[in-house]
Ligand SMILES: [Zn+2]
């Protein structure tokens, strides 16, 4: 290990030299300081080679100092917390950090696959597409395995993520995105007006460019000025300063997505802290002050470790007190980069040479550079580089070619405003020829842009613009804004000559370092006709992956423009979409993962059922008892058959609280029910319930259920479990939109009542022991509905209904008494061997009885299809009546509801099997319908089915084939009436 | 919540069981205290066509509070009237066992009344961190400087429907459908763990 | 997207269910050409690019059906009124 921090300046920077942090990279231990990023700490330790490139495995170093980093992607942490493709430039250093380089094999220094460069003819532009044109067998056996190993980035963790993530929402008047000079002034100005302000910044140290600024502001060093403003903001109750928080997307109605990295700067989250928090920020206005991203100049060998962005060199020197190298040269086309280097040099960086493509540079600047002992080459271009990590440059000057020794080349091709968020509503950036950059076009409603993000590059101007934008936003929201006090900073003139690509330079010239896309690839795309930017992006992969082309998009576009001869604005720009930076899936899920993926609903008897040994199953949001296995039963079928037999022989109970229950009160309820059910309800007597079928307006069945009339103006409706919410919504639509004149008040009482179905020949005997009053056949006849009490005074509603075909009741009690009612029924039924049953047995019994259920109410069946045709009233209008009369819905050829039994009674039936006439070929044209539900009937001791078949009721006794190609089965079945048990309904009326 | 987190406050608690009474998450003074041990009598009043204003006025007179036909909570010592929709009021009382009967007598043909005492679980949340906890599930502005005592909302928290109102400076009340009690309590525990959460719901406490 | 509910205030769209075009009127089922009219009402829905009026049901809020004016291109919402608000204006006692 070399001398720790050998490239660290002895003073300056925003690091705490008293807080040393140990970390390791590729197994070697190093020291950094609090305030470092992983990238700055690596550079401080002289580590310059940090990864291998995506396709060609070329050695790569650190290029940038922020989120735009294309190269320095590492695997951070280990085991279950291993995270690939982490940008070292935004990874806050912590004690014990473990990182490793990725995409290298067997080691970073020696990579066998760097031979990929010999494969490069195959991996160039369009390689994804061309590869698929190779012989298919080659692809699977040869190329895919090789390319998978060769091209790619990091490895994801193989274990489940041990950390906790969460989501949260916050509201504000003004959201300020970015805490650089413009953002800080925008936030401060608006905050002083009393507006609720959220200031979000992706860095761990707010200040943005101020933290790398050498000069003073308001008689304070720039970083201290930033800290001072942040302190005032933090002290205000109406301001929330969110550090380590990236606003990644702009959504509708002033909603912004942001990711707060709560614990990523720690070895692992503190107890009970999330790792990351996904914020939904809802802002009446927003000011985007995201700054600008420097872009490189493309030249041969520009990917060699040691070639960096000029601003990054400045940031490492000023903010982290790190010298990226010992011999620094600049290659630029603008004055700003010169000033950056002069400031770095003043801070102690060994800057030696300035190479500028411009023939003419402001004499004062040239003089200043020379006064500091720098060599200045104007009208010059870097045409080649040398060294595994950079050792030297070849420079073409007006007087010839020369070699210059340098271990660091700072490059600046100008700055691109960070317009990304302005595009999230489809706005297109506009080309500003003076700046040679895209500036924001039409912004999302409520969003304005301040400072460098809209092409204002002077520090003094950014401070002023931020204050003005903050004031404008607050005033627009009705706040009275005190006159902003903006420190005066004199700005030098902006001077830049657009320059993109050194043509004729030696070696591959990379446009997109992250995707290994070269200037030559752009040329190939052009030659092959992929000239629109969207095609260029997809064909070459330029601008994809974690950096989304921050440093490469404009350069790629400029090179394409020069090839087509069109201007840059004519060539276009790619559309930026969310997210601005990568967002982990864990953060998007938050609390809702695993069993908490979505809320579950528990029935009032859930704990009671668990104690009875129930196996539960999800049905929609509900968790219901599926069956109640007993010791010694070999499978679910044995259990379910035992439950069915017990009910048919004696008595059983099941929780049916999951049905939707809707309370209807008012003078017009009867009339209303007549309009929503196909059958008549106006004549329903008090104390009676009636089965009803509801259609959608298009004539298809929507739901079925019973409605009981409790008193002249009070009814209660039950819906199926699945459609409870849908039916309520439908009824509200009818009442609020279609017939507001009707006097009907709706209330959901689904959660108020626990409801238990009691079924079997002994049901009345059991009920009589639990009910406080008379439940005889006379007092509570079939389809009777009464309000009474049970268990010695508990309010109850009794409905004599049956889904099983047996004598049956549904007993409703206030939900808190549900479990007690189940227990009381068990006790009362003990002598009859009362049996709790689950929804499987319920399903078997309804199939035996021939009742339709969810499988038949598929949304594609009419009342006629299901055998309810005669129920439909002809004396009234109801929802769906007109459309149900369409020829297609009344066609006698439609598949209709009937029963099926296997001709060979030992055979098992399968739901989903399609019916074919005997001897007919299995073609779509010969399809007769399909099996909707099947069950093993313990009563009949063979499988039975329900289904829909053409002209079904006319074909009772006919044999057809049930064809199930999915399972490879084919069974001869006989069509029968759908009621397999007690078709006359003697049992339920008994 | 991950199954393997070293600091999973829900570790070992089945997802289909209400987490038991006890302390969860960070040690020290709890930032949030959750209690479901108060079980008020509850009824829903739905004004029949044209009677919303009259029903509001009658409820106000009967319970000694200012009731308007809007999303707000009118709170007195023994009762609360919460607007949940136009002409829809949830009435809570600690002293009227036959609340449904009382309201029917009071409102006659002007409103439909339904018993709802068992339909929901009433969560009382107290503590300085309540708004921060609820912000992890709610999509409405619960900033204590905006959502004042007496404000009410019927909305969604963590995909579960709730009616909530702010009772006083640091006290909030939420009505959650009974079937969602376990899932909602899990959300509260997971989201409140960072502040320290004390839960009291009448179940056997955990050590 | 956030919908300004006249009763609840501005709410996230996920509290709502939508039913599309709010400019249609359910035809008179007794009309001679009721079948043709219902066919239009049920199936022939316009899909304008721009200003549109839609039904949104505040399922997880006040349970009102709202007539929401929305621009389908930008999701900008210019207003929302309760379905019943206009209907009841005449019937509501003063
Ligand atoms: Zn609403």
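The values are calculated or read from the model by the stated rules, or taken from the named source; none is laboratory data. Only a predicted model underlies this, so the values are computations on that prediction, with no experimental measurement involved. Glycine also receives a Cβ, built like all others from the backbone with ideal geometry; neighbour counts cover every protein chain displayed.
Details
- Scan of the stretch A:788-830 for residues that are farther than 25 Å from residue A:844 by Cα and free of Cβ contacts under 8 Å to residues at least 12 places away in the same chain, ordered by number: A:827
- Residue match in the stretch B:93-105 (condition: surrounded by 17 or more Cβ atoms within 10 Å (Cβ to Cβ), touching a residue at least 24 places away in the same chain (Cβ under 8 Å) and within 14 Å of chain C (Cβ to nearest Cβ)): no
- For the stretch A:354-373, the tally of residues that are more than 18 Å from residue A:311 (Cβ to Cβ) and surrounded by 14 or more Cβ atoms within 10 Å (Cβ to Cβ) stands at 5.
- Single condition residue A:610 does not satisfy, out of (1) within 14 Å of another protein chain (Cβ to nearest Cβ); (2) under 36 Å from the mean Cα position of the chain (by Cα); (3) crowded, with 20+ Cβ neighbours inside 10 Å: (3)
- In this structure, residue A:332 qualifies as in contact with a helix residue (DSSP H, G or I) (Cβ under 8 Å, 6 or more places away or on another chain), buried (at least 22 other Cβ atoms within 10 Å of the Cβ) and modelled with pLDDT of 95 or more.
- Every test in (1) free of Cβ contacts under 8 Å to residues at least 24 places away in the same chain; (2) surrounded by fewer than 16 Cβ atoms within 10 Å (Cβ to Cβ) is passed by residue A:623 save one, and that test is (2).
- Selection within the stretch A:724-742: residues that are farther than 25 Å from residue A:853 by Cβ and touching a helix residue (DSSP H, G or I) at 6+ places or on another chain (Cβ under 8 Å). The member of this set that is surrounded by the fewest Cβ atoms within 10 Å (Cβ to Cβ) is A:741.
- Being within 7 Å of another protein chain (Cβ to nearest Cβ), farther than 24 Å from residue B:88 by Cβ and modelled with pLDDT of 95 or more is a condition met by at least one residue of the stretch C:39-48.
- The sole residue among C:57, C:7 that is crowded, with 17+ Cβ neighbours inside 10 Å, more than 11 Å from chain B (Cβ to nearest Cβ), within 30 Å of residue B:176 (Cβ to Cβ) and within 13 Å of the ligand (Cβ to nearest atom) is C:57.
- When residues of the stretch A:900-931 are limited to those that are crowded, with 21+ Cβ neighbours inside 10 Å and assigned to a loop (DSSP other than H, G, I, E, B), the one farthest from the chain's Cα centre (by Cα): A:928
- Filtered residues of the stretch C:60-75 (kept if away from chain B (no Cβ under 14 Å), surrounded by 15 or more Cβ atoms within 10 Å (Cβ to Cβ) and more than 13 Å from the chain's Cα centre (by Cα)): C:75
- Strands (runs of 3 or more DSSP E) (entirely within the stretch A:647-764) containing at least 3 residues that are within 14 Å of another protein chain (Cβ to nearest Cβ) and modelled with pLDDT under 95: none
- Residue list for the stretch A:886-899, filter: over 44 Å from the mean Cα position of the chain (by Cα) and part of a loop (DSSP other than H, G, I, E, B): A:891, A:892, A:893
- Set side by side, the residues B:48, B:61, B:17, B:23 differ, and just one is surrounded by fewer than 20 Cβ atoms within 10 Å (Cβ to Cβ) and closer than 30 Å to residue A:668 by Cα, which is B:61.
- A residue that is out of contact with any strand residue (DSSP E or B) (no Cβ under 6 Å at 6 or more places or on another chain), closer than 27 Å to residue C:10 by Cβ and either within 16 Å of the ligand (Cβ to nearest atom) or within 12 Å of another protein chain (Cβ to nearest Cβ) (or both) occurs nowhere in the stretch B:22-36.
- When residue A:364 is tested against (1) touching a residue at least 60 places away in the same chain (Cβ under 8 Å); (2) farther than 26 Å from residue A:507 by Cβ, just one condition goes unmet, and that condition is (1).
- Take the conditions (1) buried (at least 24 other Cβ atoms within 10 Å of the Cβ); (2) under 17 Å from the mean Cα position of the chain (by Cα); residue A:555 misses just one of them, which is (2).
- All conditions in (1) more than 7 Å from every other protein chain (Cβ to nearest Cβ); (2) at pLDDT 95 or above; (3) surrounded by fewer than 17 Cβ atoms within 10 Å (Cβ to Cβ); (4) more than 16 Å from the ligand (Cβ to nearest atom) hold for residue C:26, with the sole exception of (1).
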